[in-house]
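Working notes for the structure below.
The values are calculated or read from the model by the stated rules, or taken from the named source; none is laboratory data. Here the structure is a predicted model, which is why all the values come from computation and not from measurement. With ideal geometry, Cβ positions are generated from the backbone for all residues, glycine too; neighbour counts draw on all protein chains shown.
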Amino acid sequence: MATSTIRIKKICEWCGKEFEAQKCSTRFCCKRCAEHAYKDRQRHKRKQETEAMVIETIIRQREESVIHRAYLSVQETADLMGVKRNAVYQLIYHGKLKAYRLTSRVTRISRIDIEELLSTSLYVRKSKAKSSVSDENGEAISEFYTTKEIITKFGVSNSWVFAQGKAHNIPKVYHRGKTLWSKTHCDRVFAAKPEPPKDDDWISYSNVRAEYNLTHDQLHNYVKYHGLRRKKVGKYTYILKSEIDAILRPPTLK
């Protein structure tokens, strides 16, 4: 069987001498160094297993001694409850767990108080109910639309729903990450949907800035804050002239 002609210079991981290896995975210069390294790994493994057994025995003995004691230290209380020392101190500071300070360095906690705390602190999941909301007459609203239902039923966009909700002050609540709108108010606002605007009703951003002496950021903030309708044709953005005039044009004296 032909042997490899490749020679790779490497450093032995056991003796530190330089040698030529025929494979990249070779770690030791000879069989003797490999055996020494193997025995060393086994010694470390047995040492770690022994230390783990000793630690486990100490913990078990500590737990057994704690079980039969009437008063415990803060650390023993933390070990018994399975929490950190700071958590025990927080319970003490908030008055939920009684503690007896014998000296400046000795604090003891009654086992009866610990059991009483655990028995009275039952975890109960609270159901998140919908926030109550009322209409103009103070009556509670019980029927709602989701935003998706409004878009599907009335054929409007998501931004238009929120813009009209803000403009007409439609009551809404938040439930499990969804916005719920009053069904009665939505039927009244979105049912009377105006006719779609004509091409002559739109005005470009550049013309609005020139007419009212605005910067691009100022105009963008007006559109976003008031929820104005807009459309994009190519690289140009248009908004309704009647809506922007109602906001920026000064009132006329009659």
Limited to the stretch 27-75, what total is found for residues that are assigned to a loop (DSSP other than H, G, I, E, B) and farther than 15 Å from TRP14 by Cα? 4
Failed condition for PHE19, given (1) over 27 Å from THR120 (Cβ atoms); (2) loosely packed, with under 10 Cβ neighbours inside 10 Å; (3) not hydroxyl-bearing (Ser, Thr, Tyr): (2)
Can you tell me how many residues in the stretch 79-100 are modelled with pLDDT of 90 or more and either in contact with a strand residue (DSSP E or B) (Cβ under 9 Å, 6 or more places away or on another chain) or in a helix (DSSP H, G or I) (or both)? 13
Sort through VAL161, VAL156 and tell me the only one that's in contact (Cβ under 8 Å) with a residue 12 or more places away in the chain, part of a helix (DSSP H, G or I), of a type in the set (A, V, I, L, M, F, W, C) and surrounded by 14 or more Cβ atoms within 10 Å (Cβ to Cβ). VAL161
Do you know which of the residues in the stretch 23-32 that are under 53 Å from the mean Cα position of the chain (by Cα) and of a type outside the set (D, E, K, R) is surrounded by the fewest Cβ atoms within 10 Å (Cβ to Cβ)? SER25
Near pairs, Cβ below 8 angstrom, 6+ apart or cross-chain, from the stretch 25-48 (closer than 21 Å to ILE6 by Cα and of a type in the set (S, T, N, Q)) to any residue that is modelled with pLDDT under 95 and not in a loop (DSSP other than H, G, I, E, B): THR26/ILE8; THR26/LYS10
Criterion violated by HIS94 - all others in (1) assigned by TED's automatic domain parsing to the domain that holds ARG111; (2) surrounded by 10 or more Cβ atoms within 10 Å (Cβ to Cβ) satisfied: (2)
Just need a number here: residues in the stretch 160-217 that are under 15 Å from THR147 (Cα atoms) and touching a Leu at 6+ places or on another chain (Cβ under 8 Å). 4
